[in-house]
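Report on one structure; see the data block that follows.
The values are calculated or read from the model by the stated rules, or taken from the named source; none is laboratory data. Just so it is clear, the structure is predicted and the values come from calculations on it, not from any experiment. Note: ideal-geometry Cβ built from the backbone for every residue, glycine included; neighbour counts use all protein chains shown.
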Amino acid sequence: MMTETPILSVRDLSVSFAQFDRTISAVHTASFDVARGEVLGIVGESGAGKSLTSMAIVGLIPPPGYIEATSITLEGRPIHNLGPKEIRSVRGRDIGVIFQDPLTSLDPLFTIGDQLIETICTHLPLTVPEARSRAIDLLIEVGIPAPEQRLQSYPHELSGGMRQRVVIALALCAEPKLVIADEPTTALDVSIQAQIIALLLRLCRERGMSIILVTHDMGVIAEAADRVAVMYAGRIVEVGKTRQVVKNARHPYTRGLMGAIPKIGQPRTKLAQISGSMPRPGTEFEGCAFAERCAVAEAKCRSLRPQLLTVDDSYVACHVAASGVGA
Amino acid sequence: MTAVGAIAFVLFHYVGDPVEMMVGVEDSAEMRVELRERLGLNDPAPVQFIRFIGDVATGNLGVSYRTRQPVAELIFSRLPATLELVFCATIFALGTGIPLGVAAALYRGRWTGYLADLTTLVGISMPTFMTGTLLIFLFAVTFPILPSFGRGEVVKIGWWTTGFLTVSGLKSLILPSVTLGLFQLTMIMRLMRGEMLETLRSDFIKFQHARGLSTRRIHFRHALRNSLMPVITVSGMQFGALLAFSIVTESVFQWPGVGLLFVQSVNNVDVPVMAAYLMIVAAFFVTINLVVDLLYYYIDPRLKSGLQGRRA
Ligand SMILES: Nc1ncnc2c1ncn2[C@@H]1O[C@H](COP(=O)(O)OP(=O)(O)OP(=O)(O)O)[C@@H](O)[C@H]1O
Ligand SMILES: [Mg+2]
């Protein structure tokens, strides 16, 4: 299906943290592509490494964490080994980022206008008045009423939903090719979540932008994502078309996730349907990380680590699925 | 303020009998009685207190037992010296403490950071009189480039006397200001460092990095401003403390300010002067807290709109 160069291509991305006596590996050889205009969902329970994976793409792993990758390319251009200056020009301009919590994502001491204009001027060769009118356009696009007055507002004067709209506007300032949204609605009121997701999808569709949508809400994935990557204990265990994965998940963990897909807008049941807990990063073991919780695990699962293999249309890292028994 | 007034009054009411200090050995008993009557010392304590408060409120701080000068006049002639000293010490402390704190936060784990840490350790563990003596030894004795006592030449502007306008006045300010400001400097530096580290960890800073803003902009425009609030509060409160600490510094440097006046008045059991000193220091505390609060409203938009919200 991927005939044209993907917007983003990640190969063997690992994120590790150097600690006093050992190195903890929190993300392990993750590989995936994002096509132009595509929405890639990343799901997995808390601590699976979703945020680290998405932050690693833009080189935002705080020390003592570090990134290793065979390659990360943006439209064919490698971005995993850029200097601090170059990677900074990728952030915001080529890749926009949206964080989970709109309440804390904005500088409380500066007006919305200040922050928008500052970001616009960083990336585009515009004068301040030009940047200002662009800021107003952006606010209109993200559905903020009376944008000219809003420019004078401070973040605390806006509601959570409004603030997340401003955050989206900030991420879209320079028309990036890819937007990484890390749980963009988790901190919001349930009633606003769907609106914000819809807004994000609409804006990106209009511009032909791609999205990486990180969430642990399978309902959001089912409604919004074209493809989905499932992460478990720092590894991608299944990647495939959303329809395929939702209807016919191959990996036992994914099937567990599908056990309860809440309708979007309803209170989320956390992904606790599967008994037991995910091994913490840094735990040493051979074999499959999910084996301990897996209902269909075989002897092989505990001794040999499964690789990501093609099974029908998707990629799955599971011995059982690969041998066709679990399907 | 009234509370401080009460404390000042009670403290000094029982400190000693001023009459004993004022009269000569050869004065007769009748003269003592007459003096007591004139000073109102025979009235019951509550009456004396009410009179004291009333006098203070009308600006009448009494007469010095020792020099027989009006206390207000005495204090106001000494006040400029102390205020200029405290002002310079604060400027020195803020001007050095904030950059050092920021550097310590940004260069944490590198030698610049360790150097800054070391400086604070020295500053915080050295008592004021020792710093003062050491500085005098270094810059007035070993290398005689700065005066070690007094204010130098001063220029009179109205009732205010200033050392800012003469070279010797400015030179005289250096050592006492550094001595007085050093402790505050370390406080400000440590606070600044902590606040800055805290701010740098916050989400909005992360989001600014993710938007590709330049590191310099993020550090010095956003992180700095967000870290400044608590530093301003504390330095405001410290301003009052400096006024109090100035007693030691003024003694070491024979600085002719109210601190030195206070030390002298304690030696002489000059109660009205002591009481007036306490009242004035308290007045400054209150005023400065007010100024700091007003500054808050200027800096932090959240408070500003809170105020408008309440008005509306
Ligand atoms: N600074 C760090 N030092 C050590 N380990 C870390 C650090 N930051 C994250 N980790 C580990 O990496 C793992 C993955 O973290 P990550 O934030 O990517 O999880 P996540 O999938 O986004 O979870 P959530 O849904 O809670 O956001 C966590 O289990 C965490 O313990
Ligand atoms: Mg996360």
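Observations on the structure shown:
- Test result for A:ASP101, in contact (Cβ under 8 Å) with a residue 60 or more places away in the chain, crowded, with 16+ Cβ neighbours inside 10 Å and within 14 Å of ligand 2 (Cβ to nearest atom): yes
- Segment A:31-49, residues that are at pLDDT below 90 and within 11 Å of ligand 2 (Cβ to nearest atom): A:GLY44, A:GLU45, A:SER46, A:GLY47, A:ALA48, A:GLY49
- Listed by first and then second residue, the pairs with beta-carbon distance under 9 Å, at least 6 apart or on different chains, first residue in segment A:161-184 and more than 11 Å from chain B (Cβ to nearest Cβ) and within 16 Å of ligand 1 (Cβ to nearest atom), second of a type in the set (Asp, Glu) and outside any helix (DSSP H, G or I), are A:GLU183/A:ASP101; A:GLU183/A:ASP217.
- In the set B:LEU261, B:LEU228, only one residue is within 30 Å of B:ARG68 (Cα to Cα) and either assigned to a helix (DSSP H, G or I) or within 14 Å of chain A (Cβ to nearest Cβ) (or both); that residue is B:LEU261.
- Subset tally (residues that are among the hydroxyl-bearing types (Ser, Thr, Tyr), within 10 Å of chain B (Cβ to nearest Cβ) and surrounded by fewer than 20 Cβ atoms within 10 Å (Cβ to Cβ)) for segment A:107-130: 1
- Put simply, of B:VAL271, B:VAL281, B:VAL248 the only residue that is under 16 Å from the mean Cα position of the chain (by Cα) and either at pLDDT below 85 or on the phi > 0 side of the Ramachandran plot (or both) is B:VAL281.
- Only one of B:PHE204, B:PHE183 that is touching a residue at least 24 places away in the same chain (Cβ under 8 Å), crowded, with 18+ Cβ neighbours inside 10 Å, among the hydrophobic types (A, V, I, L, M, F, W, C) and in a helix (DSSP H, G or I): B:PHE183
- The set of residues from segment A:26-40 being assigned to a strand (DSSP E or B) and among the charged types (D, E, K, R) comprises just one member, A:ASP33.
- Scanning segment A:278-294 for residues that are away from ligand 2 (no atom under 16 Å from the Cβ) and either under 14 Å from A:CYS318 (Cα atoms) or at pLDDT 75 or above (or both) gives A:PRO279, A:GLU286, A:GLY287, A:CYS288, A:ALA289, A:PHE290, A:ALA291, A:GLU292, A:ARG293, A:CYS294.
- Search result, residues across segment A:50-60 that are within 13 Å of ligand 2 (Cβ to nearest atom) and either of a type in the set (Asp, Glu) or over 10 Å from the mean Cα position of the chain (by Cα) (or both): A:ALA56, A:LEU60
- Every residue from segment A:182-210 that is farther than 18 Å from A:GLY143 by Cα and within 16 Å of ligand 2 (Cβ to nearest atom): A:ASP182, A:GLU183, A:THR186, A:ALA187
- Candidate set: segment B:251-260, residues that are of a type in the set (A, V, I, L, M, F, W, C) and within 15 Å of the chain's Cα centre (by Cα); chosen: the one farthest from B:PHE76 (Cα to Cα): B:TRP255
- For A:LEU52, the test of being modelled with pLDDT of 90 or more, more than 9 Å from chain B (Cβ to nearest Cβ) and under 19 Å from A:ALA233 (Cα atoms) is passed.
- Within segment B:209-225, considering residues that are part of a helix (DSSP H, G or I) and over 39 Å from the mean Cα position of the chain (by Cα), the one farthest from the other protein chains (Cβ to nearest Cβ): B:HIS209
- Within segment A:219-255, the residues that satisfy the criterion of being assigned to a helix (DSSP H, G or I) and either of a type in the set (Lys, Arg) or surrounded by 23 or more Cβ atoms within 10 Å (Cβ to Cβ) (or both) are A:VAL220, A:ILE221, A:ARG243, A:VAL245, A:LYS247, A:PRO252, A:TYR253, A:THR254, A:ARG255.
- Verdict on A:GLN100 being out of contact with any Phe, Trp or Tyr (no Cβ under 6 Å at 6 or more places or on another chain) and either of a type in the set (Ser, Thr, Tyr) or within 12 Å of chain B (Cβ to nearest Cβ) (or both): yes
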